[in-house]
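The values are calculated or read from the model by the stated rules, or taken from the named source; none is laboratory data. Since the model is a prediction, treat every value here as computed from it, not as a measurement. Here Cβ is always computed from backbone atoms with ideal geometry, including for glycine, and neighbour counts include all displayed protein chains.
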Amino acid sequence: MSLSTQEMANVDRRHFVKLVLAGVAVAAASTLLPESPLLQEATAQQVSSGLRGASIAPGTYTVTANIFTDKKDTPIGEYAYVTNPGNPPFNKPIKPVQNNATLVVQDNKMLLTVPIVNTTLGVLKLADASSDTSVSVVSGSIVKTSWGNIFSKIKERISSVTFDVTNYVEGETLVFSPSEECVTFALYQGVKHWDLFFNADFSDARKAS
């Protein structure tokens, strides 16, 4: 049985209404989907984290950050991570670490505290800011610890530093120059003036309890 022109028009209208209602239902359902854990507690006080284009709610988070020397400077031809506790010759610090740093988001600022744990490659001095000035060392935040070794008269090294990463584009590698280190490994000991490199990843940030 064929439909009249009027009946076909009525069917088309009913089909159109169903499509509209279905679209409204999908839109409503999408607003009920759980947000990222970082966004659930978001308030008006949020800070954009560069490349990600997302906002991190105020709070304290565990994140990943690494500081390392260029492989052209090390005798093993590998990047040496001062955020990695490995000591050569059997445990070389050539791999980045994860979930090692603390990010505090507060008062429209993002402050990142990074432990510097390697004792074979001790960091003595760190430039005040990255070469592009997007990341800076927070004044008074550098922590030093006693560090005795038989190869030099140096008695302490940097064990922690806090960076202002409010304007950092996540994932970028930045250079801090000039910096200064001391190597205690017997075959390469002495004070060095190697650039230090920094990068960080907030994508797996975990809210501190």
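Hey, among Val97, Val169, Val161, Val117, which residue is part of a strand (DSSP E or B) and either in the same structural domain as Ala65 (by TED's automatic domain parsing) or modelled with pLDDT of 95 or more (or both)? Walk me through how you get there before you give the answer.
Values: Val97 fails: part of a strand (DSSP E or B); Val169 fails: part of a strand (DSSP E or B); Val117 fails: part of a strand (DSSP E or B).
Only one candidate passes the filter, namely Val161.
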When every residue in the range 144-158 that is part of a loop (DSSP other than H, G, I, E, B) and of a type in the set (Val, Ile, Thr) is compared, the one surrounded by the most Cβ atoms within 10 Å (Cβ to Cβ) is Ile154
Contact list, first residue from the range 129-142 and on the phi < 0 side of the Ramachandran plot, second anywhere and among the hydrophobic types (A, V, I, L, M, F, W, C) and assigned to a loop (DSSP other than H, G, I, E, B), beta-carbon distance below 8 Å, six or more apart or interchain, is Ala129/Val135; Ser134/Val169; Val135/Val165; Val137/Leu126; Val137/Ala127; Ile142/Leu126
Log entry, pairs with first residue in the range 161-175 being touching a residue at least 12 places away in the same chain (Cβ under 8 Å) and over 15 Å from Leu196 (Cβ atoms), second being crowded, with 20+ Cβ neighbours inside 10 Å and of a type in the set (Ser, Thr, Tyr), beta carbons closer than 8 Å, six or more apart or on different chains, reads Tyr168/Ser49; Glu170/Ser49
Taking the range 159-207 and the residues there that are within 14 Å of Lys125 (Cα to Cα) and among the acidic types (Asp, Glu), the one that is surrounded by the most Cβ atoms within 10 Å (Cβ to Cβ) would be Glu181
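Being of a type in the set (Lys, Arg) and either in contact with a helix residue (DSSP H, G or I) (Cβ under 6 Å, 6 or more places away or on another chain) or modelled with pLDDT of 95 or more (or both) is the filter here; which residues of the range 126-158 pass it?
To start, the set of residues in the range 126-158 that are of a type in the set (Lys, Arg) comprises 144, 153, 155, 157.
Listed by number, the residues that qualify are Lys144, Arg157.
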